[in-house]
Structure formats: structure tokens, C-alpha cells
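The values are calculated or read from the model by the stated rules, or taken from the named source; none is laboratory data. Quick caveat, the model's predicted, so the values are computed rather than measured. Positions of Cβ are backbone-derived with ideal geometry, glycine not excepted, and every protein chain shown enters the neighbour counts. Ligands, DNA and RNA are excluded from the accessible area calculation, which covers all protein heavy atoms including side chains. Shrake-Rupley method; radii C 1.70, N 1.55, O 1.52, S 1.80 Å.
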Amino acid sequence: MIETIFPNNFYSVVSAPNTDEVITTFTNALSKPEQTKELVWPNACQIKVESLSPNGVGPVLAPTLSIFFRELGVQEGDKDLSKMRMLCIWRNTYNKGYYQEIHDHLSGEGSDLSGVVFLKDYEEGSSQFYFYNKHWSEISPSWMMILNKVKAENSGKLTIPNPKAGDVLLFPSYIPHGVTMHKIDQPRTTVSFNIAFK
């Protein structure tokens, strides 16, 4: 029996139990222009970013985070997560030609958990969030051929989740990820956030 070892790269797509509230809250949230001006990371990609208030909009994610931690087997009120806090939250708008380079969320604030809230269903030609397998270049061509033949789950260079409107994608902040180029005229908007456990 084939066993997966070192299961440190994972993600979860959680359908928010309060989907309408999540979509409405993040669509209508007021941006914080002064905080947005301080962001330097958008210079490495093509994206419109708007900082939001963690205290103002973050609580709407509490039911979704509860589901995620139950999936992991973490008990409600776990003392190791008692100091968990949202570090930052921002809205991303992808217009035609916009994209996000491969990156992680480890630098700066000490983020442990990252997430993306999807406000609309995927449309053909729209940009797509993906995870990048940073160990892909370490796999020999022979093993690539074998893994492709057996269609080993997530054995490729990219993994593209398929979330729907109101879904929240959650993953450890150390996993490299990006967003493909947006190729349609209708903009795509998501909301991203970082959480620290301590």
C-alpha cells in the first residue's frame, strides 16, 4: 500500500455556512487607503489591492474557521490557539492582464495560516488561484512519467483548487502559490488574509 509521507502541504476548501453574509461583507467592506499605500508586495505583480480592517470584517470568518479546525482535529478552545489573531486582510481585484506571482506569506508578520475568500464562481478565462510544487524540479523525468501515468494526486507542478462563490480556501502560510493571468474583461475579486496562531 502506498503511503503519503510528510503531509505538511495541504489545503481545505470550506463552504462558509454564512455564505451570503461573507459575500456581502467582503464585497461592500470599506478599504483603508493609508494601509494600502504602505503595501510593497503588489509591486511584484499586476493587481489592485485594498487593505481592509481585520477587526471590522474578520469576525464574519469565525464559523468557517471553526469548521476548518474541526477538520484538522483541533478542539474548540484549544489553549495552543487561544492567542490566534488575524494579522491582515485585503481585497484583490484582477482586471484583464492582471496576475499574482508565485509567493508565500511567511515574511514580515509571522503568518501561520492564510486564506482566500472567493466572491464569485469561476468563469472560463478568469484568473485561477494555484499552489506551486517547489520540489517539482527535484523529481526525475522517469518518476514524472510514472506519476503522470498513475495520476498520483497532486503530483504535478501546479495544483488548482476549484472553489465556488462563498468558499474559503485555507492553507499553511508557507506553501508557495500564485494566481494565473486574468484573460476576460469582467474583473475577478477575492479577499485574502493571514492569521497568526500566537
> Just one of the numbered conditions (1) assigned to a loop (DSSP other than H, G, I, E, B); (2) within 18 Å of residue 175 (Cβ to Cβ); (3) more than 20 Å from the chain's Cα centre (by Cα) is not true of residue 137; which one?
Replying inline: (1)
> Can you name the number of the only condition in (1) more than 23 Å from residue 29 (Cα to Cα); (2) part of a loop (DSSP other than H, G, I, E, B); (3) open to solvent by 80 Å² or more (accessible area, probe 1.4 Å); (4) of a type outside the set (A, V, I, L, M) that residue 143 fails?
Replying inline: (2)
> Within the range 51-73, how many residues turn out to be open to solvent by less than 40 Å² (accessible area, probe 1.4 Å) and either among the aromatic types (Phe, Trp, Tyr) or not in a strand (DSSP E or B) (or both)?
Replying inline: 11
> Residues in the range 146-156: is at least one free of Cβ contacts under 8 Å to residues at least 40 places away in the same chain, open to solvent by less than 40 Å² (accessible area, probe 1.4 Å) and either within 30 Å of residue 21 (Cα to Cα) or of a type outside the set (A, V, I, L, M) (or both)?
Replying inline: yes
>> Would you confirm whether or not the range 111-129 contains a residue that is surrounded by fewer than 17 Cβ atoms within 10 Å (Cβ to Cβ), on the phi > 0 side of the Ramachandran plot, free of Cβ contacts under 8 Å to residues at least 12 places away in the same chain and not in a strand (DSSP E or B)?
In response: no
> Restricting attention to the range 74-98, which residues are modelled with pLDDT of 95 or more, of a type in the set (Ser, Thr, Tyr) and surrounded by fewer than 15 Cβ atoms within 10 Å (Cβ to Cβ)?
Replying inline: 93
> Does the range 157-167 contain any residue that is surrounded by fewer than 16 Cβ atoms within 10 Å (Cβ to Cβ) and outside any loop (DSSP other than H, G, I, E, B)?
Replying inline: yes
> From 53, 66, 12, 31, which residue is touching a strand residue (DSSP E or B) at 6+ places or on another chain (Cβ under 9 Å), of a type in the set (Gly, Ala, Ser) and more than 22 Å from residue 120 (Cβ to Cβ)?
Replying inline: 53
> From the residues in the range 114-165 that are modelled with pLDDT of 95 or more and touching a helix residue (DSSP H, G or I) at 6+ places or on another chain (Cβ under 7 Å), which one is nearest to residue 178 (Cα to Cα)?
Replying inline: 117
